[in-house]
Amino acid sequence: MAQIIDGFEDLSAEVFVEAATTFGLLASALRLHIMWALAQGESDVSQLADRVGGALPAVSQHLSKLKLAGLVRSRREGRRQVYHIDDPDVVLVVQLMVDQLAQRAGASPALVGQLL
């Protein structure tokens, strides 16, 4: 049973474990950049690797982890796997955090994609 303290509901430990797991998954700058890029539109691995400046095998491994966590999905188009966001709520958190940090650093949000 949830407890209300100072107007806030105290959530279960399981919720915090799941949140920590997701934040841990997003603790990689490359994974954050991949999520940022996919939030702007679907892409295949080679396009993502070019965009985020990562090696193709590394980007592929990161996508696999994001897919296992349910943050991204893929579909086959001919010989390519095309990836897209599967959890738009997580994207909102990423965008909010990155935009806030970019503002603190004096960068325009449009430049944030280049900063990651």
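Structural remarks
- Within the shell of other residues whose beta carbon sits under 13 angstrom from the beta carbon of S43, the net charge comes to 0, with Lys and Arg scored +1 and Asp and Glu -1.
- Apportionment of accessible area to carbon and sulfur, the chain, percent (1.4 Å): 57
- Heavy-atom accessible surface of the chain, averaged per residue, reaches 65 Å², computed with a 1.4 Å probe.
- Taken over the stretch 1-59, the convex hull of the Cα atoms encloses 121 Å³ per residue.
- Volume of the Cα convex hull of the chain, divided per residue and given in Å³: 120
- Here's how it looks for D86: its modeled amide H is under 5 Å from those of V72, R73, which are all 5 or more places away or on a different chain.
The values are calculated or read from the model by the stated rules, or taken from the named source; none is laboratory data. Bear in mind the structure is a predicted one, so any value in this text is a computation, not a measurement. Cβ coordinates were reconstructed from backbone atoms using ideal geometry, including for glycine residues, and neighbour counts include every protein chain displayed. For accessibility, only protein heavy atoms count, side chains too; no ligands or nucleic acids. Shrake-Rupley method; radii C 1.70, N 1.55, O 1.52, S 1.80 Å.
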